[in-house]
Amino acid sequence: MREAQKVWDAPVRLLHWALAAAVGIAWFAGEGALSVHEMAGYVALALVAARWAWGWRGGRFARFGQFVRAPGVVGRYALDVARHREQRHLGHNPLGGWMVVALLAAVAAVGTTGWLYTLDRFWGVAWLEALHRTLAWGLMALVALHVAGVVFTGRRHRENLVTAMLTGRKRPAGEDDVV
């Protein structure tokens, strides 16, 4: 058996798990622990900014250019998934790449609307509170889809993607895999 290949660097893994923790803390703290909720939201915004920067300057598998693909590529990949013939990707697959973008954008939107709600100009403004809540529920839907995609892809390609995101290593690419 060949040695596992390094895929996700330490900053990607740290940012991923820290963002998951910050979002979880903000969600479960809610209005009952508003100061904790707000602090977790600010931390999440900072983590999104750091991940955005690392997506442009980080290592090979951290860069958006490596895993964010054109709509046609994503569509073909989705059809291949439906036909049970998709290629394994060493980094993020085309659907997973866009999930990264969607999750980062959703966290940024939730965090920004939450921050706006703390400003005097927007304090108590009903539409902003409603937007913040709607975006938060949308983020939870994306998180659920993300987890489902990780489980699905892990089973389909017989690899533990949670362990890969903890260690940064995956089974080396085979001849039919996309690197």
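Looking only at residues of segment 118-145 that are of a type in the set (Gly, Ala, Ser) and closer than 20 Å to GLU38 by Cα, we find that the one that is modelled with the lowest pLDDT is GLY124. All conditions but one from (1) closer than 15 Å to GLY41 by Cβ; (2) outside any helix (DSSP H, G or I); (3) of a type in the set (Lys, Arg) apply to ARG69; the one that does not is (1). Out of curiosity, is LEU19 in contact with a Gly (Cβ under 8 Å, 6 or more places away or on another chain), surrounded by 16 or more Cβ atoms within 10 Å (Cβ to Cβ) and under 15 Å from LEU103 (Cβ atoms)? No: the conditions fail for LEU19. The criterion of being of a type in the set (Ser, Thr, Tyr), part of a helix (DSSP H, G or I), at pLDDT 95 or above and crowded, with 18+ Cβ neighbours inside 10 Å holds for TYR77.
In segment 128-143, the residues that are under 13 Å from ALA109 (Cβ atoms) form Cβ pairs under 8 Å with partners that are modelled with pLDDT under 95, at six or more places apart or across chains, as follows: LEU128/TYR117; LEU128/PHE122; HIS132/TYR117. Please go through (1) loosely packed, with under 13 Cβ neighbours inside 10 Å; (2) within 30 Å of SER35 (Cβ to Cβ) for ALA148 and return the number of the only condition it doesn't satisfy. So ALA148 meets the others, but not (2). Among residues belonging to segment 143-176 that are part of a loop (DSSP other than H, G, I, E, B) and not small (Gly, Ala, Ser), point out the one that is nearest to the chain's Cα centre (by Cα). The qualifying residue nearest to the chain's Cα centre (by Cα) is ASN160.
The values are calculated or read from the model by the stated rules, or taken from the named source; none is laboratory data. What you see is a predicted model, and the numbers here were worked out from it, not measured in a lab. FYI the Cβ positions are ideal-geometry reconstructions off the backbone, even for glycines, and counts take in every protein chain you see.
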